Amino acid sequence: MAIVETRALTKRFAGADPPAVAGVDLATREGEFLVLLGPSGSGKTTVLRMIAGLEEPTSGEIWIGGRRVDGLSPRERRIAMVFQSYALYPHLTVRQNIAFPLKAQGVPRADHGARIASAAGKFQLDRLLDRKPRELSGGERQRVALARALVREPQVFLFDEPLSNLDAKLRASAREELQRFQDEIRTTAIYVTHDQIEAMALGDRVAIMDRGRVRQIGTPAEVYDDPADTFVATFLGSPPMNLLERDGRIIGFRPEHVRAAGGGTAEESVVFGFRCELTEYLGSERLAFGELDGDWAGREVVWRMPSWQPAPEPGAQVAVAVARDRFRYFDAATGARTTPVSLG
Amino acid sequence: MIAPAAAYVALLVGLPVLMSLFLSVSDARVGSETISFAGLTNFKSALATPAFRVALRNSFLFTAASQALVVAGATLLALALREPFRGRGLLRLLVLLPWVAPISLGAIGWKWLLDSLYSVVTWVLVALSLVSASNPPMWLGEPRLAMLSVLLVHAWRTLPFATMILLAGLSAIPRDIPEAAAVDGSGFWRTHLTITLPMIRPILLVALLFGVVFTFTDMTAVYILTRGGPADATQVLPSLAFFTGILGGDLAQGAAISLFLFPLLLAAAVALLRLARRAEDAS
């Protein structure tokens, strides 16, 4: 177990103008599962690859377990990585795949058997040990990749979008698998994904990246409920936070915090006039898209409600309310969080 | 649709093969007007001549040694040329050059490099005090050295093609795989000896078989550098067949010599096709 820390980590690819990673300072906690979440091109995979030693930083430092590792080869960093493609060695059997890190690290041959059996047992691979990767299903391949990462007892696990090659159904069970894995192993792990559901479900903390910078780092609840800026506010949540601009300020509230007006006091909530344009039925929930009127005329808003609740008809005018403590305030110029303003 | 291709193969490949089969069991000579059936006498008499036995041995030596060099060299070159570095494109072009340039040009260049009086190689070795200036090595004049020279030039010539085949094979390996090996703690040699090279083994074998068949049937390096000399020391079967059949006028004997390895090469060709199919299935 070890703490991974990056200091002003920067990567500029030849010929590319804005750096792929621009001064990233990250520090994991001991045994923490840290998720790097961001859209494609945000630099999250590049950060991971630099930590792994597969990419050379342009500047900045990387520390693992109190030791500076940038400049060391991947093998000297004592890390394990699970790749998006799993990168299993196709010509080797499952057993040989799992044994490879042991051989490469010079673990005494006498210990191989027990360690392979233990890693394979954790992922129910006992009966698949003599198969080749191409004879395995997607989920089984992932388990082999995890077993191969686990077998050498690394100080840190790195995951590069390991679920993105699985179909939706498999992804849910693979996510569960990862969660069990993490609960059991309790080794520091850094996990890269562009999928916010994965990030929320797996992460002890989530670092949200955009254009080479970390926008916010916090627990899933913190980054969802208290986004540091409008990027985080709109990147998380589907549909994203409603953002209404007025007088150089932006106020935001989540679609699920909209409710039909009535029952509350004016101190508790703000009431808006909402003209419904269309609704979408999504099974467990319903989305109503529409415009506000009055002071907020013309601002588009999404309202998310449980599907058992009566839906407004398209074209109908409804009074909706949002509790005051649900509002988040941002600066319109910078997008950063600001102090609350009076909404009348 | 494939009729034109079939006709082309039949006319330009099938017919000459049948012709040489026919000639090899005849007593045809340039200038004689009658042809009669001679059975296997041509093969028997070929086997009886010392020149043939030397050429047969040389053919195997020439092929085995040059292709061993080519496989080892091409593997290293391909691994090196796969890494990104400044000037890689230019270097790839330079590596390919011996293959693209006409062999006569390259071989004549080598003929000068290895000349008995003006050899640059000798000159360099003398300057390094590795050989004596008063008794320089006769690169093409001493049997062993001549064989070595011919063999090296042939390896130099076939290296680019094998390199390109291997480079293509290596490029087909996803970048993740060697990276995973690196993170798993594997160094350069382990990664390549246990991961990447086994992964491209089918392609490596295709390149090797191709080189073997090509080398067994080729005489260019021998012909241009030594004409089989000194005293048949560097003669290989194709060059011997040429000298006997075309320059010596003994068509029947020449055909018999050139066909001698035909069954072996046919087997190699079949193996080549099988391998190619296996590689296709595996991917």
| query | For the residue pair B:ARG175 and A:ASP331, what label-to-label distance in nm results when each label sits 7 Å from Cα along the Cα-to-beta-carbon direction? | reply | 3.8 nm
| message | Can you tell me which of A:PRO18, A:PRO133, A:PRO227 moves the most in a GNM of chain A? Springs connect C-alpha atoms under 10 Å apart. | response | A:PRO18
| message | To check my understanding: the extent here is largest minus smallest coordinate of the Cα atoms along each principal axis. What are those three numbers for segment A:4-230, in Å, largest first? | response | 50, 39, 34
| task | May I ask you to sort B:ASP184, A:ASP210, A:ASP111, A:ASP204 by Cβ crowding, counting other Cβ atoms within 10 Å and putting the fewest first? | result | A:ASP111, A:ASP204, A:ASP210, B:ASP184
| field | Average Cα contact separation per residue, segment B:90-235, under 8 Å, 6 or more apart, as relative contact order % | value | 31 percent
| request: Under a cut-off of 17 Å between alpha-carbon atoms, report the aspartates and glutamates in cross-link reach of A:LYS11, not counting same-chain residues fewer than 8 places apart. | output: A:ASP25, A:GLU55, A:GLU56, A:GLU61, A:ASP70, A:ASP210
| message | Let me check against my output: what whole-number percent is the relative contact order of segment A:7-107, with C-alpha pairs under 8 Å and at least 6 apart? | response | 22 percent
| task | Kindly rank B:151-158, A:290-297 from highest to lowest mean number of other beta carbons found within 10 Å of each residue. | result | B:151-158, A:290-297
| Could the peptides A:325-331, B:133-139, A:20-26 be put in order, highest first, of the mean number of other beta-carbon atoms found within 10 Å of their residues? | A:20-26, A:325-331, B:133-139
| task | Using the number of other C-beta atoms within 10 angstrom as an exposure proxy, rank A:MET81, B:MET1, B:MET219 with the fewest first. | result | B:MET1, B:MET219, A:MET81
| field | Shielding of B:194-200 by partner chains, average beta-carbon count, 10 Å | value | 3
| query | Farthest toward the dipole's positive end in the protein assembly as shown, which of A:PHE83, B:ALA46, B:LEU261, given Cβ charges of +1 (Lys, Arg) and -1 (Asp, Glu) about the Cα centre? | reply | B:ALA46
| remark: Averaging 1/r across every pair of distinct alpha carbons in segment A:242-331 and inverting yields a Kirkwood hydrodynamic radius, in angstrom, of 13.3 Å
| said: Ignoring everything except DSSP H segments at least 4 long, calculate the 222 nm mean residue ellipticity for the protein assembly as shown; use -39,500 (n - 2.57) per segment, divide by total residues, nearest 500. | reply: -13500 deg cm²/dmol
| request: Could you tell me how many degrees, from 0 to 90 and to the nearest 10, lie between the Cα long axis of helix B:88-100 and the main elongation axis, the longest principal axis, of the Cα atoms of chain B? | output: 10 degrees
| query | Roughly how many Å is it from the Cα centre of segment A:25-92 to that of segment B:1-44, as a whole number? | reply | 66 Å
| said: Given contacts defined as C-alpha pairs under 8 Å and at least six residues apart, what's the relative contact order of segment A:4-230, whole-number percent? | reply: 30 percent
| note | Rg from C-alpha atoms of chain B, normalised by the globular rule of thumb 2.2 N^0.38 Å, equals 1.19
| Looking only at B:LEU81, B:LEU18, B:LEU247, which one moves most when chain B is put into a Gaussian network model with springs between Cα atoms under 10 Å? | B:LEU18
| Given N residues in the protein assembly as shown, what is Rg(Cα) / (2.2 N^0.38 Å)? | 1.43
| Other chains' Cβ within 10 Å of B:170-180 residues: what's the mean? | 5
| message | Run through segment B:29-89 and list the trypsin sites (Lys or Arg not before Pro) located in a DSSP loop whose Cβ has at most 15 other Cβ atoms within 10 Å. | response | B:ARG86
| field | FRET efficiency for B:ARG144 and B:ARG86, using Cβ-Cβ distance with R0 set to 25 Å, rounded to 0.05 | value | 0.05
| remark: The orientation-averaged projected area of the Cα convex hull of segment B:110-176, in nm², is 6.6 nm²
| task | Per residue of A:87-93, count partner chain C-beta atoms within 10 Å of its C-beta, then hand back the mean as an integer. | result | 6
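Read-outs: derived from the displayed coordinates by stated rules, not from any lab. Please read all numbers here as calculations on a predicted model, not as lab measurements. Note that we place each Cβ from the backbone using ideal geometry, even for glycine, and neighbour counts take in every protein chain shown.
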